Structure formats: C-alpha cells, structure tokens
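Student: Pasting a structure here, questions to come.
The values are calculated or read from the model by the stated rules, or taken from the named source; none is laboratory data. None of these values were measured; they are calculated from a predicted model. Positions of Cβ are backbone-derived with ideal geometry, glycine not excepted, and every protein chain shown enters the neighbour counts. Heads up: the accessible areas ignore ligands, DNA and RNA and are worked out on the full protein's heavy atoms, side chains in. Shrake-Rupley method; radii C 1.70, N 1.55, O 1.52, S 1.80 Å.
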Amino acid sequence: MNKNSDAAATVSALSGKNPLGSNLADLVFKYLTALFAAGVLLLVILMGYEMYKGAELSIQKFGWSFFTGNNWDPVLDEYGALPFVYGTLVSSFLALVISLPLSIGIAVFLSEIAPPWFERPLSFLVELLAGIPSIIYGLWGIFVLVPWIRTTVEPFLSGYLDFLPLFRGAPYGFGMLAAGIILSIMVLPIITSISRDVLKAVPRSQREAALAIGATKWESIRITLRDARSGILGATLLGLGRAIGETMAVTMVIGNRPSISLSLFDPGYTMASVLANEFTEATTDMYISSLIYIALVLFAITIVINMFARILVWSVTKKTS
C-alpha cells in the first residue's frame, strides 16, 4: 500500500501536478460556469422587471383592455393595441402557411433524398439565408417584392378571387400580403435547418425496417415524418417566434397603418414595427409606458414560444443521444 502511494506521489511530482490544486481548479471552474449560466437567467429576469416597471403606468390605467381596444391616439393619450396584435398574428400566420410546406419539403429532400455531394452545399445555402440582415430583406422587399405584388400578384388575386374578403381592395403593394411573404422567406431557413436535423435524428433502423417489409421510399419517409412530428412542430414554433419578433423588414413593407382589415392588400401594423416607428416620437409618459407595455407582452410571448419549441425539438433529438 505504501509502495502504491509513493508511486502515485512520484508520478504526480514528475508530471508537475498537484491533486489538491487540480481539485480546486475543477471546483472553481464548475462554480464559475454555473455563475455564467445563472447570469443569463438573471439578465432575462431583469429585462422583464425593467419593462414591467416602465409599463406600470399603462397597466394601471388600461389593464387587459389595452389589448382589446383599437383606438391608438397619442394626442388624447388613449391607447389600444388590438390593431398591432391583429397585424402580428395575421402576418405571422400567413408566413407559416407559405413557408411550412416549402421548409418541410426541402428538409425531407436534404435528409432523405439528396446525395451527399449535393446535400452539403444546399444545406449551407439554406443556412446562409438565416444570416442575412433583416434590413437587406427590407430593401429587397421595397424595390423588388412590393412592385411585383402591386403589378402582378394583387391584380391576379383580385381578378380571380375577389369573392373572398381576403383579396379585395386597391393594389397598394405595401400591406399584409407583402409582410407575410417576406416573413416566410426569413423563417424558411430556420424551419428547414431544424427539421432536417430532427429528421436525421430519427434512427436509421426505422427506415431500413420499413424498406425491409416492402415499403416504398415515400412510405418510409412518411414513417420518418411521423416519428419526427413533435420536433418539426418545435421547428415551426421557432419560426413563429422569429416571425412575431421580426421588426425592420416588416416595418418597411407592411404599410404601418393601425387598422384592422380582412383584406391582405390593406396596410397594417405589428407589435414590433410600432415600437420601431414610434418610440422615438413618444413625448408623454403614458405614450412611452404604452409602447413598453407592448414590448413586455412581445417579450413574454417570444420567451414562451421559444421555450416550448426547444422542449419539442429536444424530445426528438434526445432519443438518439
């Protein structure tokens, strides 16, 4: 026993390591990294608290009726955020309707069909779309997307589908339709990338088992999609969180008019775009507090959606870890 202890001490001395010092370093590293992680949580809590304090004046005066009123009048200090909530929900839902089928189709192609030599560069290009600044999307929307919608898309839709209230009105170009299309382009790489990773996380043995019993390639893909459905739902929610919180690109193409209209051709407003447009113009305490109230609710919605989405994605990927 003494010989073993002497040998261990000799090895430690020769290697220049001190067991006590090593344990102390591990302990310091452990609690230091835990402190960093706690700092993130503390930052989120502080942000929420500061926004609540800033919105307290508006909360006390309007309460929940703030989100059911549609009168936004800074002159009379009367504020109702229903047009902004409506614009946020409609534009985000329209973006998902457009982007979700495309995203799932691209993800299935990349994970199940594309050869490796083609899958890698195409995946890189898809992920590259997520890194483009939103101001670039906004400028492209103003100079390319909006004129195309005004001269081609909206006249076509109003000519053939004007019996629906969604496609009635003057072809402004700037409006809810333009916002939904540009948001769909922005959330497409997020949903595609995560859905691809979720599909790849499904065990290959399930595909092989399906093919072994005589299933076609399409039937095998359907089985894979069924196993990955919760993860794909999580990817969709992450895309929804991006669409709800997007600011500059939407502000540049939505028209920025606080109104509620069934027509997708009409201008609208979102919760994020009203903050970008009007915060510098706010002059009264109630005006500032009402804008912060919108920011607080937007902050809470984004956190809840992203937490729920991460849980769904984790529930699929943990099966292969």
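Student: Regarding the stretch 64-76, can at least one residue be identified that is within 27 Å of Leu296 (Cβ to Cβ), touching a Pro at 6+ places or on another chain (Cβ under 8 Å) and modelled with pLDDT under 90?
Tutor: Residues of the stretch 64-76 that are within 27 Å of Leu296 (Cβ to Cβ), as a first pass: 64-76.
With touching a Pro at 6+ places or on another chain (Cβ under 8 Å) added as a condition, the list becomes 70, 72.
This time we only want the ones that are modelled with pLDDT under 90, so: 70, 72.
Looking through the stretch 64-76, at least one residue is within 27 Å of Leu296 (Cβ to Cβ), touching a Pro at 6+ places or on another chain (Cβ under 8 Å) and modelled with pLDDT under 90.
Student: A further question follows. Among the residues of the stretch 43-73, what is the count of those that are touching a Leu at 6+ places or on another chain (Cβ under 7 Å) and of a type outside the set (Gly, Ala, Ser)?
Tutor: 5
Student: Taking only pairs six or more apart or across chains, which ones have beta-carbon atoms under 7 Å, a first residue in the stretch 123-145 that is touching a residue at least 40 places away in the same chain (Cβ under 8 Å), and a second residue that is open to solvent by 70 Å² or more (accessible area, probe 1.4 Å) and among the aliphatic types (A, V, I, L, M)?
Tutor: Ser134/Met248; Ile135/Met248; Gly138/Met248
Residues checked against (1) surrounded by fewer than 10 Cβ atoms within 10 Å (Cβ to Cβ); (2) under 30 Å from Thr284 (Cβ atoms); (3) modelled with pLDDT of 85 or more:
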residue: Val11; (1), (2), (3): no, no, no
residue: Gly16; (1), (2), (3): yes, no, no
residue: Gly21; (1), (2), (3): yes, no, no
residue: Leu27; (1), (2), (3): no, no, yes
residue: Ser58; (1), (2), (3): no, yes, yes
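Student: With respect to the numbered conditions (1) assigned to a helix (DSSP H, G or I); (2) open to solvent by 10 Å² or more (accessible area, probe 1.4 Å), which one is the sole condition not fulfilled by Pro258?
Tutor: (1)
Student: Then there is this: In the stretch 32-39, is there at least one residue being under 29 Å from Gly231 (Cα atoms), under 19 Å from the mean Cα position of the chain (by Cα) and either of a type in the set (Asp, Glu) or not in a loop (DSSP other than H, G, I, E, B) (or both)?
Tutor: No, the stretch 32-39 contains no residue that is under 29 Å from Gly231 (Cα atoms), under 19 Å from the mean Cα position of the chain (by Cα) and either of a type in the set (Asp, Glu) or not in a loop (DSSP other than H, G, I, E, B) (or both).
Student: While we're on this one: Under 7 Å by Cβ, and 6 or more places apart or on different chains, what pairs join a residue from the stretch 147-170 that is closer than 23 Å to Met252 by Cα and without any contact (Cβ under 8 Å) to a residue 40 or more places away in the chain with one that is open to solvent by less than 60 Å² (accessible area, probe 1.4 Å) and small (Gly, Ala, Ser)?
Tutor: From residues that are closer than 23 Å to Met252 by Cα and without any contact (Cβ under 8 Å) to a residue 40 or more places away in the chain, the pairs are Pro147/Gly173; Ile149/Gly173; Ile149/Ala178; Arg150/Gly173.
Student: Please pick out the residue among Thr152, Thr192 that is among the polar types (S, T, N, Q), over 27 Å from Pro83 (Cα atoms) and in contact with a Ser or Thr (Cβ under 8 Å, 6 or more places away or on another chain).
Tutor: Thr192
Student: Still on this structure: Being under 13 Å from Gly239 (Cα atoms) and either of a type in the set (Gly, Ala, Ser) or open to solvent by less than 30 Å² (accessible area, probe 1.4 Å) (or both) is the filter; apply it to the stretch 306-319 and report the residue that is modelled with the lowest pLDDT.
Tutor: Among residues in the stretch 306-319 that are under 13 Å from Gly239 (Cα atoms) and either of a type in the set (Gly, Ala, Ser) or open to solvent by less than 30 Å² (accessible area, probe 1.4 Å) (or both), the one modelled with the lowest pLDDT is Val313.
Student: Give me the helices (runs of 4 or more DSSP H) completely within the stretch 185-245, filtered to those with at least 2 residues that are modelled with pLDDT under 85 and under 20 Å from Ala114 (Cα atoms), ordered by residue number.
Tutor: Once the helices (runs of 4 or more DSSP H) in the stretch 185-245 are filtered for at least 2 residues that are modelled with pLDDT under 85 and under 20 Å from Ala114 (Cα atoms), what remains is 204-212, 217-227.
Student: Something else about it: Taking the stretch 268-321, which residues are over 23 Å from the mean Cα position of the chain (by Cα) and not in a helix (DSSP H, G or I)?
Tutor: Ala282, Thr283, Thr284, Ser321, listed by residue number.
Student: How many residues are closer than 17 Å to Val97 by Cβ and modelled with pLDDT under 90 if we restrict to the stretch 131-164?
Tutor: Residues flagged as closer than 17 Å to Val97 by Cβ and modelled with pLDDT under 90 within the stretch 131-164 amount to 2.
Student: Shifting gears a bit: I'd like to check which helices (runs of 4 or more DSSP H) are fully inside the stretch 88-173 and have at least 3 residues that are buried (at least 17 other Cβ atoms within 10 Å of the Cβ).
Tutor: Values: elements: 116-130, 134-140, 154-160.
Here the list reads 134-140, 154-160.
Student: Filter the stretch 184-227 down to the residues that are free of Cβ contacts under 8 Å to residues at least 60 places away in the same chain and of a type in the set (Val, Ile, Thr), then identify the one that is surrounded by the most Cβ atoms within 10 Å (Cβ to Cβ).
Tutor: Checking each candidate, the answer is Ile223.
Student: Could you count how many residues in the stretch 261-281 are open to solvent by 30 Å² or more (accessible area, probe 1.4 Å) and of a type in the set (Val, Ile, Thr)?
Tutor: Residues that pass the stated criteria total 1.
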